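See structure below.
The values are calculated or read from the model by the stated rules, or taken from the named source; none is laboratory data. Since this is a predicted model, take the numbers as computed values, not measurements. Cβ placement follows ideal geometry from the backbone for every residue including glycine, while neighbour counts extend to all protein chains displayed. Surface accessibility is based on the protein's heavy atoms, side chains included, excluding ligands, DNA and RNA. Shrake-Rupley method; radii C 1.70, N 1.55, O 1.52, S 1.80 Å.
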Amino acid sequence: MKRLLTLVTALIMIFTLAAAALAEENNVLLQVVDDCDKLLFNTDNVTLKGNMEFSFDGNWFKTIDGVYQQEGYDACCDLKVKSPKKDGSVKNSGYTIFDDDGAVRVVEVVYPGTYKTAGSIKNNTILRASSRTDLVINAFRMLANMADAFAEVTVGTAENGGKTIHLKLNGNSTELLNTGLMLLMQFTGDRFLRMNSDEYKNQTGKIGDYVSIARGVLATTQSMSIQNAEMTLKVNDKGELEAAEGSASVKLTTNKDGEHTLEGKFSLEVSDRGTTKAEHFDESKHVVPAKN
């Protein structure tokens, strides 16, 4: 789920940061940028619900639905994943992670009624801040200085004094924007999949050689180019993000496998700020799986 949240929220930050320079007279976009930063790294009580659907070279390969609850140092992450099998049927997988003040239990969809334990660094925010995350955010902030070359933005009024913001990249993505996306992808692989981006250049296989398309893309992609992207945001009267949905298409250039197209659409809902009650692990409903 944190991979999903990272990607979705970072996409929101990319677009809003890119468009901010176009609407400095209306600070709603700048408020959204600040709120995305706050949401990931400085919010200790919130609920997020997200969905992402991916296709590779025109073929669907993964749908992810997730709910994440943060309540102080307690958190619950429920992730459901669907992907195609070779016989044409759909594989259901995913997991629920309960983090009760650093005591982590993982319940997998394919092994209901059992759980595994895992180590954790106590954290009371969605993502743990680091010098690497600061670098990623600062790279996106630089995009605002040249946003008028590739972004279009429309701001409207929503109920309760809020705003709706429609963002669209016009097809002229800059090298800095593409580099920022590449940096985000490497950060995601490093932190959540333990794939060392310093070794990517040494990978010589094709995407299909890896256990999943996601790992193959991370390991073999040498550059990325955004082909088209658009998104609609909804914020309240405080400039806080409440919902987002959008789609994007990215061209991938690999070191051995030529060029490929990765497409995705997503949605994100943010709710219960300050009132979230994270679901806790109930040991009476699960048993520890036997060791092999």
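Multiplying the residue separation of D87 and Y73 by 0.36 nm and removing their Cα-Cα distance gives an extension gain of 0.8 nm. Using a probe of 1.4 Å, the accessible surface attributed to S212 totals some 40 Å² when neighbouring protein chains are kept in position.
Among the protein heavy atoms, those of Y73 account for about 110 Å² of accessible surface (1.4 Å probe, every chain in place).
Subtract the Cα-Cα distance of T253 and L127 from 0.36 nm times their separation in residues, and report this length gain in nm to one decimal.
Numbers: separation 126, 0.36 × 126 = 45.36 nm, distance 2.92 nm.
In short, 42.4 nm is gained.
In the full protein context, region 232-283 carries 51 Å² of accessible surface per residue, based on a 1.4 Å probe and ignoring ligands, DNA and RNA.
Output the pairs from K82/K168; K62/K277; K82/K265; K38/K163; K234/K265; K80/K116 with a Cα-Cα distance over 23 Å in this structure; if there are none, say none.
Numbers: K82/K168 29 Å; K62/K277 29 Å; K82/K265 15 Å; K38/K163 19 Å; K234/K265 17 Å; K80/K116 17 Å.
Violating the 23 Å Cα-Cα cut-off are K82/K168; K62/K277.
Here the simple spin-label model places points 7 Å from the Cα toward Cβ, and for N178 and F61 these points are separated by 2.0 nm.
State the extension gain, in nm to one decimal, for the chain segment bounded by V211 and A158, taking 0.36 nm per residue of separation less the distance between their alpha-carbons.
Details: separation 53, 0.36 × 53 = 19.08 nm, distance 4.46 nm.
That works out to 14.6 nm of additional length.
Around G161, what is the net charge, scoring Lys/Arg as +1 and Asp/Glu as -1 over all other residues with Cβ under 14 Å from its Cβ? Neighbour charge sum, excluding G161 itself: -1.
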